[in-house]
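The values are calculated or read from the model by the stated rules, or taken from the named source; none is laboratory data. What you see is a predicted model, and the numbers here were worked out from it, not measured in a lab. Backbone-built Cβ (ideal geometry, glycine too); neighbour counts: all protein chains shown.
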Amino acid sequence: MKMHREGVYFTLALGQSHASVFLVSKTLLHAVHASALAVVLGIISGGLKAASLEPIVAHCLNGSCPVWQGDDAADEIVVRQLFAAQIDSLGEGQLPRWVAYRIVGEGIGVASLLPREWAADTLLEGSRAQQLAADARTRLLQPDLTDSQDRDYRLTEVTLLAAEQGRLAPMTSFSATPFWDELNLLSNRARLPSDLRQGPWSLLDQALNELAAQQVTDESGRSEAIFVVSGPLQATEFEEEGFFKIAVFNGQYAAFAFASSTESHRHYCEALTTLDEIENRTQLTVFKNQQITSGLALGCAE
């Protein structure tokens, strides 16, 4: 598995083992023994092999991202300013297995007027050939830029002509940040049916935003974060395919599993489930070695 991170990174080398600690937050810098670790400063230009030392990613609870239990040797993980995602190399369409992000009150804003043009994620290897690969259920339309004066700046532009497209990390949680356009990257894409997306899924996003907005900011102007992991659910013998969302705040979590056929008038509380159920269906260890308990209400009765 390879990991990609835009910007600057440190590579930590110990003997033949290699890992990467990404500078996604100043608070994540680790003190290391100079005698044991060689620290090399570089600029990302390619993929980084996963190894025994796990990278620390600020979008994930306590820096530890979900771990897929299947064969993910060919998968890629992208770490953007607003989210991290593991891209499924085995399925069609290069969709994410999971997307992780953190919501803070100061990032929330009005997203209704923001552009929603999908774009390839150039951090992925062969992004144009792989990320925009033919999808049996999605028609991809690239504009003819032959005579366009700004063609050099629009090489990754693509329009998805399908109603069943949505963002796992929502625009509304980040529209007050300068990086909101990252949410238009295809690495944040899911085949979310419109009834689900515009109904209970959106209401759940709204509830999380409201909780984040209620948090008091500290002296540095920052408030406590809600950590969220979201992704697809594969169909089983007894259950249809769907999507999950798990939110953690102050050590308590709420987990939701939505069937793709969920109607728009349904409430998200009807989709409450357990962390174990989601992990069983996704083959994910979502919060590795994390001490959390159920009980995050979000307006749902216990």
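Could you tell me which of the residues Leu211, Leu196 is over 18 Å from the mean Cα position of the chain (by Cα) and surrounded by fewer than 23 Cβ atoms within 10 Å (Cβ to Cβ)?
Leu211
Give the residues of the stretch 261-292 that are among the polar types (S, T, N, Q) and under 19 Å from the mean Cα position of the chain (by Cα), sorted by residue number. The answer is Thr282, Gln283, Thr285, Gln290. Among the residues of the stretch 222-242, those that are in a strand (DSSP E or B) and aliphatic (A, V, I, L, M) comprise Ile226, Val228, Val229, Leu233. Of note, Gln206 satisfies the criterion of being surrounded by fewer than 18 Cβ atoms within 10 Å (Cβ to Cβ) and either more than 21 Å from Arg80 (Cα to Cα) or touching a helix residue (DSSP H, G or I) at 6+ places or on another chain (Cβ under 9 Å) (or both).
Filtering Glu239, Glu270, Glu279 for residues that are at negative phi, at pLDDT 95 or above, of a type in the set (Asp, Glu) and surrounded by 13 or more Cβ atoms within 10 Å (Cβ to Cβ) leaves a single hit, Glu279.
Filtering the stretch 60-78 to residues that are farther than 12 Å from Leu124 by Cβ and either of a type outside the set (Gly, Ala, Ser) or touching a strand residue (DSSP E or B) at 6+ places or on another chain (Cβ under 8 Å) (or both) leaves Cys60, Leu61, Asn62, Cys65, Pro66, Val67, Trp68, Gln69, Asp71, Asp72. For the stretch 238-250, the criterion of being touching a residue at least 24 places away in the same chain (Cβ under 8 Å), charged (D, E, K, R) and under 25 Å from Asp71 (Cα atoms) is met by at least one residue. Of the listed requirements (1) surrounded by 12 or more Cβ atoms within 10 Å (Cβ to Cβ); (2) within 30 Å of Leu113 (Cβ to Cβ); (3) among the β-branched types (Val, Ile, Thr), Val216 misses just one: (1). Look at (1) over 22 Å from Ser173 (Cβ atoms); (2) crowded, with 20+ Cβ neighbours inside 10 Å and you find that Ala259 fails only one, number (2). Evaluated against (1) assigned to a strand (DSSP E or B); (2) under 28 Å from Asp71 (Cβ atoms); (3) free of Cβ contacts under 8 Å to residues at least 60 places away in the same chain, Phe258 falls short on exactly one condition, (3). The set of residues from the stretch 77-117 being surrounded by fewer than 22 Cβ atoms within 10 Å (Cβ to Cβ), in contact (Cβ under 8 Å) with a residue 40 or more places away in the chain and among the polar types (S, T, N, Q) comprises just one member, Gln81. Look at the stretch 59-76: where a residue is over 14 Å from Val286 (Cβ atoms) and modelled with pLDDT under 90 and a partner is basic (Lys, Arg) and surrounded by 18 or more Cβ atoms within 10 Å (Cβ to Cβ), sitting 6+ places away or on another chain with Cβ atoms under 7 Å, you get Glu76/Lys2.
A single member of Ser223, Ser230 is surrounded by 22 or more Cβ atoms within 10 Å (Cβ to Cβ), under 19 Å from Ser173 (Cβ atoms) and touching a residue at least 40 places away in the same chain (Cβ under 8 Å), and it is Ser230.
Going through (1) among the charged types (D, E, K, R); (2) outside any strand (DSSP E or B); (3) under 26 Å from Ala301 (Cβ atoms) one by one, Lys245 falls short only on (2).
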